[in-house]
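Student: Dropping the structure in here first, questions after.
The values are calculated or read from the model by the stated rules, or taken from the named source; none is laboratory data. Because the structure is predicted, anything quoted here is derived from the model rather than measured. Cβ placement follows ideal geometry from the backbone for every residue including glycine, while neighbour counts extend to all protein chains displayed. For accessibility, only protein heavy atoms count, side chains too; no ligands or nucleic acids. Shrake-Rupley method; radii C 1.70, N 1.55, O 1.52, S 1.80 Å.
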There are 4 protein chains.
Amino acid sequence: MSKKAAPPKIPPAATAALIAAGRLFHQRGWVPATAGNFSVRLDGKSLAVTTSGRHKGELTETDFMRVDLQGRALDAGKRSSAETLLHCQLYRHSPQAGAVLHTHSPASTVLSRKHDSIRLAGYELLKIFEGIQTHDTVVEVPVFENDQDIARLARGVDAHMRTGRAPHAYLIRGHGLYAWGRTVEEARHRVEALEFLFECELHERLLKATGD
Amino acid sequence: MSKKAAPPKIPPAATAALIAAGRLFHQRGWVPATAGNFSVRLDGKSLAVTTSGRHKGELTETDFMRVDLQGRALDAGKRSSAETLLHCQLYRHSPQAGAVLHTHSPASTVLSRKHDSIRLAGYELLKIFEGIQTHDTVVEVPVFENDQDIARLARGVDAHMRTGRAPHAYLIRGHGLYAWGRTVEEARHRVEALEFLFECELHERLLKATGD
Amino acid sequence: MSKKAAPPKIPPAATAALIAAGRLFHQRGWVPATAGNFSVRLDGKSLAVTTSGRHKGELTETDFMRVDLQGRALDAGKRSSAETLLHCQLYRHSPQAGAVLHTHSPASTVLSRKHDSIRLAGYELLKIFEGIQTHDTVVEVPVFENDQDIARLARGVDAHMRTGRAPHAYLIRGHGLYAWGRTVEEARHRVEALEFLFECELHERLLKATGD
Amino acid sequence: MSKKAAPPKIPPAATAALIAAGRLFHQRGWVPATAGNFSVRLDGKSLAVTTSGRHKGELTETDFMRVDLQGRALDAGKRSSAETLLHCQLYRHSPQAGAVLHTHSPASTVLSRKHDSIRLAGYELLKIFEGIQTHDTVVEVPVFENDQDIARLARGVDAHMRTGRAPHAYLIRGHGLYAWGRTVEEARHRVEALEFLFECELHERLLKATGD
């Protein structure tokens, strides 16, 4: 096969799963306005990602495009999300990552502005993550500083992951959550679980004031 | 009738009621990711329960299977929810239990992490429970420690119930709510009422800080 | 016309409006389980009210029945809501009342357990009430003690109203809201406005703790 | 073309976009009862605005009418929203404003009652506004005193804007949010973003109490 082989077509089932995830996330208030971006791996060299500036609760089949793992457009006439390089970093770093979902919720935004990492301990729902079989564990979700230079932000995330720390998800300060999985479904389940846990953590921090 | 008589088929109306309950609970945020599990009694010896790992907001007719009251599969090729034995305990202990619903909400999760039981007093909605005719009463919802050994957890719940204390529902710490009723509808109403009451309790605890 | 003339049939448009209100309220979490009850005036002598024990988010045309202004059934074989007499009191006291809606929200429940009346001042939304043309006003929503003797509770509400105080709505402690209007639509708008205002008030009480 | 040329017809696509925005806002609880009002510019001399007293979650095509930039009706037999002059002010002041959306949320109402302006800093979502390319910025949303004399309120908003301060949106105390954009879609995205940010700010103020 030539190096110049055409990238695979985007499977309609993957597009449909991302469109449905976007509708759900919008109903929950996790992708306000044009916030968020979603992708799915096509093969070892390419992915499909949402195009720039689309509302994630109202995606259609034409709101996706193909890029290579360096974020270069493979479809003419379309511009991919400004944060495409963060998706590419995850697919390059984790061969098993098949889908990446980036969302913005009030809980994750508020927590990310106050903390350098979010410590999740003792929750049954932590079993949603790879390799976790018990609630009796701790998951640390790191918070990276926001940066409009996405290439630099992606390098920072990559450097963090290369030190051996392998977060199950991460936050960008004042910006939102990045979660992933082998499939769109698995990535979506992790977003649901993390947003649930962030909401619990927000309530626990509020309750601390009562001494209750 | 032989002891080996085939278990009853799962009534389509029961499956439909559980599917609808799952959709509602997911809209409310009470069954994030693959959390939760649901069942309905078939007869004195068997029940139908959700299979392992399904999203409870997106159940279909094939996501249920039959097990006996010891949790043994009666349908080949399917694996029941990891928490099937907690459902079995309730059906064995309470002959009038016809349906069991297990949910995960932020309010119940947060409260269960801070308290050993949740005291609900003075609410009109308490009349949803068996034998309660007035708001002027107290209902204690016990909180059991979470345990990945579900057989042991079920024995602990059973021992608690055999001491004469007959809770109307219970929580597992950091994990969620178990509620039941004679029918799926009654069990669902109790989940709705309990989640409402837990939300009220969470707000009351937050207000305590204000001295208001 | 004889005094024994048959009461009017329930207009299908009124039933449809109450069914739609119930669906909306359930989506918002204001009628959990079988909580709440709704009615519409038929004429000077009768009303249609929800039958006992129905889920208000899933009402159908058969879930309504006719009663007279003393709460006596006019349709055989049906039992009206346990709180029918509170509806009757409002129709007897206020000739312009055409519909009464009773809901249970977390915000109204929590506030009603802490206060003897809820003072709403300075909100643009207060203009939803009869005779109010400016935000620069105060509306007091009284809180009555809950009582399982509904006839006695209705007499208490009536006595309060006969002293010249004419509340725009009222709360029952730990129980919920009663609101009314000339039409189902107007009553529903007032429920929406009041629940909004109670939610604001709950947040304001929480903020007081911060000294912000 | 005569000065008396008929104003343009209201484009069905604009009406449809406003109806859809209203449904979304109502689902979120941002237009309770008959609160809120929406408009779209027709040309340099006229706009279409919601008629008075309609529920914004249930708008139909007949719930809009044409007015000129001084708020005078261009369609006989209809009465425009009481706040039409606030819409007119924005279209007169900002030639690029193509749509104006006014909403009432609990978060914006509560914040507007406590502060004279809401300072939004460091959020990725601020990039939704004209000319903002980074999260590392500050947006001040001014709060104007509520006033039942809408002409006077509109003059106050106009005077504020003419001093050179060009807010991206504004609040009216105890009343709600005014946001705008070149299109209905852009205005709606800004409402979604602002409501998200107000919700974050409300949570941050609550967390301050915990010293967390």
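Student: Could you tell me which residue out of D:L153, D:W180, D:L197 lies farthest along the dipole of the range D:150-212 toward its positive end? Charges go on the beta carbon: Lys and Arg +1, Asp and Glu -1, centred on the Cα centre.
Tutor: Farthest towards the positive pole: D:L153.
Student: Residue by residue through the range C:140-149, which ³J(HN,Hα) values in whole Hz follow from phi under the Karplus form 6.51 cos²θ - 1.76 cosθ + 1.60 (θ = phi - 60°), with glycine and proline marked x?
Tutor: Residue by residue, the range C:140-149 yields 9, 9, x, 10, 9, 5, 5, 7, 6, 8 Hz.
Student: Okay, next question. For chain A, what is the relative contact order in percent, using Cα pairs closer than 8 Å and at least 6 residues apart in sequence?
Tutor: Working: 365 pairs, mean separation 41.0, N = 212.
It comes to 19 percent, rounded to a whole number.
Student: On to the next question. Give the nm distances, rounded to one decimal, from C:E145 to the matching residue in every other copy, measuring between label points 7 Å along Cα toward the beta carbon; shortest first.
Tutor: In ascending order, 4.4, 4.4, 6.2 nm.
Student: Answer with one residue from B:A107, B:L74, B:T51: the one whose Cα lies farthest towards the positive end of the charge dipole of the range B:1-140, charges on Cβ with Lys, Arg +1 and Asp, Glu -1.
Tutor: B:L74
Student: Hey, another quick one. Counting alpha carbon pairs within less than 8 Å and at least 6 residues apart, what relative contact order, in whole percent, applies to the range B:1-125?
Tutor: Reported as a whole number, the value is 25 percent.
Student: Buried accessible area between C and D (1.4 Å probe, both chains summed, ligands and nucleic acids excluded), in Å² to the nearest 100?
Tutor: On the way: alone 10810 and 10800 Å², together 19270 Å².
Counting protein atoms only, the buried area is about 2300 Å².
Student: For D:P95, place a label point 7 Å out from Cα along the Cα→Cβ vector, do the same in each other copy, and report the separations in nm, one decimal, smallest first.
Tutor: Shortest to longest, the spacings are 6.0, 6.0, 8.5 nm.
Student: Then there's this: Placing +1 on the Cβ of each Lys and Arg and -1 on the Cβ of each Asp and Glu in the protein assembly as shown, which of C:Y91, B:V141, D:A14 has its Cα farthest towards the positive end of the resulting dipole?
Tutor: D:A14
Student: Let me ask something else. Just tell me the longest site-free run in chain D, where the sites are trypsin sites (Lys or Arg not before Pro) in a DSSP loop having at most 10 other beta-carbon atoms within 10 Å.
Tutor: D:10-164
Student: Between copies, how close do the B:S52 label points come, placed 7 Å along Cα→Cβ, listed in nm from shortest?
Tutor: Sorted ascending, the copy-to-copy spacings read 4.7, 4.7, 6.6 nm.
Student: Next up: Which residue, C:G22, C:G156, C:G131, has the most motion in a Gaussian network model of chain C that connects Cα atoms within less than 10 Å?
Tutor: Between C:G22, C:G156, C:G131, it is C:G131 that shows the largest mean-square fluctuation.
Student: Let me know the whole percent of all Cα-Cα pairs from the range D:1-98 that are separated by more than 16 Å. Numbers along the way, then the final one.
Tutor: Values: 2534 of 4753 pairs.
Above the 16 Å cut-off, the range D:1-98 has 53 percent of its Cα pairs.
Student: Still on this structure, please answer the following. Taking only protein heavy atoms and a 1.4 Å probe, what accessible area per residue, in Å², does the range C:92-212 have with all protein chains in place? Don't skip to the answer; put the middle values down first.
Tutor: On the way: 4380 Å² over 121 residues.
That works out to 36 Å² for each residue.
Student: Within 10 Å of each candidate Cβ there may be at most 14 other Cβ atoms; applying that plus a DSSP loop requirement, which GluC sites (Glu not before Pro) in the range C:75-132 survive? Mind dumping the intermediate values first?
Tutor: Values: sites: C:E83, C:E124, C:E130; in loops: C:E83, C:E130.
Listed in order of number, the matching sites are C:E130.
Student: May I pose another question? Suppose only helical runs count, i.e. DSSP H with n ≥ 4. What mean residue ellipticity at 222 nm does that imply for chain C under -39500 (n - 2.57) per run, divided by all residues and rounded to the nearest 500 deg cm²/dmol? Can you show the working numbers first?
Tutor: Values: 5 runs with 74 residues, N = 212.
Calculated from helices alone, the mean residue ellipticity at 222 nm is -11500 deg cm²/dmol.
Student: From zero outward in steps of 10 Å, how is the percent of C-alpha pairs of the protein assembly as shown spread across the bins?
Tutor: With 10 Å bins starting at 0, P(r) equals 2, 12, 20, 24, 22, 13, 5, 1, 0, 0.
Student: Under 13 Å from the Cβ of C:R182, count the other residues' Cβ atoms, weight Lys and Arg +1, Asp and Glu -1, and hand me the total.
Tutor: On the way: positive: C:R41, C:R188, C:R190; negative: C:E130, C:E185, C:E186.
Net of charged neighbours comes to 0.
Student: Right, something else. Compute the length gained on full extension between A:Q70 and A:V138: take 0.36 nm times their separation in residues and subtract their Cα-Cα distance, giving the result in nm to one decimal. Mind dumping the intermediate values first?
Tutor: Details: separation 68, 0.36 × 68 = 24.48 nm, distance 3.31 nm.
Taking 0.36 nm per residue and subtracting the Cα distance, the gain is 21.2 nm.
Student: Another question, if that's okay. Return the whole-Å distance between the Cα centroid of the range C:1-65 and the Cα centroid of the range D:1-48.
Tutor: A separation of 34 Å, based on Cα centres.
Student: Placing unit charges on C-beta atoms (Lys and Arg positive, Asp and Glu negative, everything else neutral), compute the dipole magnitude of the range C:96-155 about its Cα centre in debye, rounded to 20. Provide the component values of the computation, followed by the final result.
Tutor: On the way: 6 positive and 8 negative charges, 24 e Å.
Its charge dipole is roughly 120 debye.
Student: Beyond 16 Å, what percent of the Cα pairs of the range D:1-57 remain?
Tutor: Details: 770 of 1596 pairs.
Percent of Cα pairs beyond 16 Å in the range D:1-57: 48.
Student: Treating only the Cβ atoms of Lys and Arg (+1) and Asp and Glu (-1) as charged, compute the dipole magnitude of chain D about its Cα centre; round to the nearest 20 debye.
Tutor: Working: 28 positive and 24 negative charges, 165 e Å.
Once rounded to the nearest 20, the dipole reads 800 debye.
Student: Taking the Cα centre as origin and putting +1 on Lys and Arg beta-carbons and -1 on Asp and Glu beta-carbons, what dipole magnitude results for the range B:70-184, to the nearest 20 debye?
Tutor: Working: 14 positive and 11 negative charges, 52 e Å.
With only Lys, Arg, Asp and Glu charged at Cβ, the dipole is about 260 debye.
Student: Return the whole-Å distance between the Cα centroid of the range D:119-171 and the Cα centroid of the range C:174-201.
Tutor: Computed from Cα coordinates, the inter-centre distance equals 32 Å.
Student: Normalised by the number of residues in the range C:54-124, what is the relative contact order in percent for Cα pairs under 8 Å and 6+ residues apart? The partial results should precede the final answer.
Tutor: Numbers: 35 pairs, mean separation 11.7, N = 71.
Value for the range C:54-124: 16 percent.
Student: Suppose we look only past 19 Å in the calculated P(r) of the range C:108-212. What percent of the Cα-Cα pairs does that tail hold? Numbers along the way, then the final one.
Tutor: Values: 2550 of 5460 pairs.
Here the long-distance tail beyond 19 Å is 47 percent of all Cα pairs in the range C:108-212.
Student: Would you jot down the residues in the range D:71-117 that end up with at least 30 Å² less accessible area in the complete protein assembly than in the chain alone, with a 1.4 Å probe?
Tutor: D:H104, D:P106, D:T109, D:V110, D:R113, D:K114
Student: Follow-up. I want the local charge near A:A193. Using Cβ-Cβ distances under 14 Å, sum +1 for each Lys or Arg and -1 for each Asp or Glu among the other residues.
Tutor: On the way: positive: A:R28, A:K127, A:R188, A:R190, B:K56; negative: A:E124, A:E130, A:E185, A:E186, A:E192, A:E195, A:E199, A:E201.
Once positives and negatives cancel, what remains is -3.
Student: May I ask which of C:K56/C:K114; C:K114/D:K114; B:K56/C:K56; B:K9/B:K78; D:K45/D:K127 have a Cα-Cα span longer than 19 Å here?
Tutor: Numbers: C:K56/C:K114 27 Å; C:K114/D:K114 23 Å; B:K56/C:K56 23 Å; B:K9/B:K78 15 Å; D:K45/D:K127 31 Å.
Checking Cα-Cα distances, C:K56/C:K114; C:K114/D:K114; B:K56/C:K56; D:K45/D:K127 exceed 19 Å.
Student: Computing the accessible area with a 1.4 Å probe over protein heavy atoms, can you report the carbon and sulfur percentage for the range B:158-197? Before the final figure, lay out each step's value.
Tutor: Working: 590 of 1230 Å².
Within the range B:158-197, the accessible surface is 48 percent carbon and sulfur.
Student: Here's something else I'd like to know. For the range C:86-154, which whole-number percentage of the solvent-accessible area (1.4 Å probe, protein heavy atoms only) is attributable to carbon and sulfur atoms? Don't jump to the answer; show the numbers that get you there.
Tutor: Details: 1050 of 2410 Å².
Here it works out to 44 percent.
Student: No solvent, one uniform scatterer per C-alpha: report log10 I(q)/I(0) for chain D via the Debye equation at q = 0.15 1/Å, two decimals.
Tutor: Debye output, listed in q order: -0.93.
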